[in-house]
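Presented below is the structure to which this report refers.
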Amino acid sequence: MDWLVNLFTQQDSVAHIALLFSLVIAIGVLLGKIKVGGISLGVTFVLFAGILAGHIGFTAPTNILTFMQDFGLILFVFMIGLQVGPGFFESFKKGGVTLNILSTATILLDVAVMFACYFLFFDTSNPVNLPMMVGTLYGAVTNTPGLGAANESLNSVFPAGQIPPIASGYACAYPLGVLGIIGATIAIRYICKIKLEKEDQQLQDLEAANPHEQPYQMHLKVSNSYLAGKKLIQISEFLNRDMVCSRLIHDGQIIIPNRNTVFNMDDEVNIVCALHDAEAIRAFIGPVIDTPFPEDDEKQPLVSRRIVVTNPAVNGKTLGKMHFSSVYGVNVTRITRQGMDLFASRNHHFHIGDRIMVVGPEDNVNRVADIMGNSIKRLDAPNIATIFIGIIVGILFGSLPFAIPGMPVPLKLGIAGGPLIIAILIGRFGYRMHLVTYTTTSANMMLREIGLVIFLAAVGIKAGASFWETVVQGDGLKYVYTGFLITVIPILIIGTIARLKYKFNYFTIMGMIAGTYTDPPALAYANSVCSKEEPSVGYSTVYPLSMFLRIFTAQLIVLFCCGM
């Protein structure tokens, strides 16, 4: 049995290190799936499993733990950058500016409340307390990348071996952070006297009043001689308006036209288009025939299909300009990008690799599939080279020193900020440099989650040795209640302002709060109480900028304040 004992005790062996990380990650992930009141901590439980392992002495050499921690962080933030990059700059366009301003104000308020709690409840003469409060801040806002960025920046401020175990503050604040976000969101509803039924009805009324979404059907006679001999695709391109010719009568015979169907004089066509396009199409094709178009004997069944965007011509187009609902008679119910579900709003920009769920008549769904490409083979091959080229550039960029007067050390974006910024830029503009930036959803999620759990496991194991003394015998209770204050105070202030001053729909506010705190459980709760996808609109609008600011402010706080 000596071999088994050695496997668990010889810290410098590869087998021991692999066993350590595998056990911590596996136990943490499994425990993280347990739900209490419908809420789970997810993979963050890996941190607690690591803390337990470190506390009982099941650990590894410090240099190995540091490498695993930093490499996991690099991989995690880079894959997040690729995920949010395509929508990062679009989020600043009209409609998203106010939400992003409110989100930024929330982030700054979080930092302000953290400093207020630090000066009110802690000994400011102790140099360890402020870094610990930074850890508490990122547990309170449930943002793991910010914890990684702060922890990495501490290497520039504190001597080796003296870095405060800020993961202890993070661990204390995180559970109540998850509950506090949802609880404060509910509190806004009562503070502002909001009725969910009224909010839902308001969304339905806005949707019904949109002329771009109202379908309009016309029975027309082809009287424009220019159209004689022209294919349907040529006519559609010339008009530059979305329309569907669902049926055509030629010489008394009803046919189902396709893009190559030729129009002839005196043909009768059944056209479906958006209401605001109807007049222009009618003027171009011909007069309206008052009699209804003959019905088919059999109606098409409704089908739902997941369609992959692979057509380069669609890249960058907005959903509103495609007129799927009004023209093609189908609804796009969900858009998935790099593992993140986005609401199919009119302003959503399609990108290669987006997966959309389309519901409607089978023929029309097939037409939409042809338009969007739907060639999965183009996306199957992972673009590993782009990922590691981006990481190389990100590390170099993050290592550049920026000297700022009054700071004890030059400012560096580090291994968190550098790869994040480069990944965002590559995700948005990489095609201009002939870099294939798309990674399959499963590949992005896998690499991102692997990086996250490795980082959490390493941080937890390192913090485990001193966790008991820091939390139980130290200021653990203070970290819990100050973390709760950091969570709820900014939400109550900004959420109330968003409602009373800017008149945002309550479901949009819920999504904005969830996105600002990069908190999936809060988004899941918002979606459970809303029949529309409005929470996802707010979430996806503010998520890219919020993630960037959370990571960037973590480094600024450490370098500007902890290093003084």
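The values are calculated or read from the model by the stated rules, or taken from the named source; none is laboratory data. Predicted, not measured: the structure shown is a model, and the values here were computed from it. Don't worry about glycine lacking a Cβ; one is built from the backbone with ideal geometry, like all the others, and counts go over all protein chains shown. The protein model used for the area step is the full one, side chains on, heavy atoms only, and it has no ligands, DNA or RNA in it. Shrake-Rupley method; radii C 1.70, N 1.55, O 1.52, S 1.80 Å.
Say whether the condition of being closer than 19 Å to R334 by Cα and at pLDDT 80 or above is met by at least one residue in the range 373-395. Yes; the residues of the range 373-395 include at least one that is closer than 19 Å to R334 by Cα and at pLDDT 80 or above. Counted as qualifying within the range 1-69 are the helices (runs of 4 or more DSSP H) with 1 or more residues that are of a type outside the set (V, I, T) and more than 14 Å from G460 (Cβ to Cβ), namely 2-9, 14-32. Yes or no: L154 modelled with pLDDT under 85 and hydrophobic (A, V, I, L, M, F, W, C)? Yes: the conditions hold for L154.
Is it the case that the range 103-115 has a residue that's in a helix (DSSP H, G or I) and over 22 Å from A498 (Cβ atoms)? Among the residues of the range 103-115, at least one is in a helix (DSSP H, G or I) and over 22 Å from A498 (Cβ atoms), which makes the answer yes. So is L477 open to solvent by 50 Å² or more (accessible area, probe 1.4 Å), at pLDDT below 90 and over 17 Å from V134 (Cβ atoms) or not? So L477 passes the test. Looking across the range 1-60, just one residue is farther than 30 Å from I181 by Cα, of a type in the set (G, A, S) and open to solvent by 60 Å² or more (accessible area, probe 1.4 Å), and that is S22.
Within the range 201-226, being touching an Asp or Glu at 6+ places or on another chain (Cβ under 9 Å) and either at pLDDT 80 or above or within 25 Å of A498 (Cβ to Cβ) (or both) holds for L203, E207, H219, L220, K221, V222, S223.
In the set (1) modelled with pLDDT of 95 or more; (2) outside any helix (DSSP H, G or I); (3) among the hydrophobic types (A, V, I, L, M, F, W, C), I486 fails one condition alone, (2). Residue pairs whose Cβ atoms lie under 6 Å apart, sitting 6 or more positions apart in sequence or on different chains, and linking a residue in the range 486-510 that is surrounded by 18 or more Cβ atoms within 10 Å (Cβ to Cβ) to a partner that is part of a loop (DSSP other than H, G, I, E, B), are A498/F504; R499/C192; Y506/I194; F507/C530.
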